[in-house]
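Chemist: Below: one structure in structure tokens.
The values are calculated or read from the model by the stated rules, or taken from the named source; none is laboratory data. Bear in mind the structure is a predicted one, so any value in this text is a computation, not a measurement. In this analysis, Cβ positions are derived from the backbone assuming ideal geometry, glycine residues included, and neighbour counts consider all displayed protein chains.
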Ligand SMILES: [Cu+2]
């Protein structure tokens, strides 16, 4: 009886761990984005930088910055800061909305991905 109760407790614990992947394993999630998600900038950024909470694999790291027509303007992404920083240079961006999309694989081979927007303010020419 006691044994069975312990099994159930362990099962509940496992479920809790699986529901909290951020805490339970080393998946790479963004800690900080620059420009920040949802930011409106008065001057266009020269690059996009995402800092992750765990090292990522350089070979599988993707970062695109799409303009309103869906064209990628970012240069080939670079991984730095001991594998925790993903960045890509940008040309001079016109005023408008931009979508940053990223996809990375952490060292234990789990993929995480996400996207967010930022805006360069000013009247479009
Ligand atoms: Cu992982």
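Chemist: I'd like to check something: does the range 25-45 contain any residue that is at pLDDT below 95, within 14 Å of the ligand (Cβ to nearest atom), surrounded by 15 or more Cβ atoms within 10 Å (Cβ to Cβ) and outside any strand (DSSP E or B)?
Modeler: Yes, that holds for at least one residue.
Chemist: Still on this structure, please answer the following. Take residue 114 and tell me if it is under 15 Å from the mean Cα position of the chain (by Cα), within 16 Å of the ligand (Cβ to nearest atom), surrounded by 12 or more Cβ atoms within 10 Å (Cβ to Cβ) and over 26 Å from residue 43 (Cβ atoms).
Modeler: no
Chemist: Confirm whether residue 52 is touching a residue at least 40 places away in the same chain (Cβ under 8 Å) and farther than 20 Å from residue 32 by Cβ.
Modeler: Taking the combined requirement at face value, the residue does not satisfy it.
Chemist: Of everything in the range 84-109, what is in a loop (DSSP other than H, G, I, E, B) and either modelled with pLDDT under 95 or away from the ligand (no atom under 16 Å from the Cβ) (or both)? Give them in sequence order.
Modeler: Scanning the range 84-109 gives 90, 91, 92, 93, 94, 95, 107, 108, 109.
Chemist: What do you reckon, is residue 70 under 15 Å from the mean Cα position of the chain (by Cα), over 20 Å from residue 40 (Cβ atoms) and surrounded by fewer than 17 Cβ atoms within 10 Å (Cβ to Cβ)?
Modeler: no
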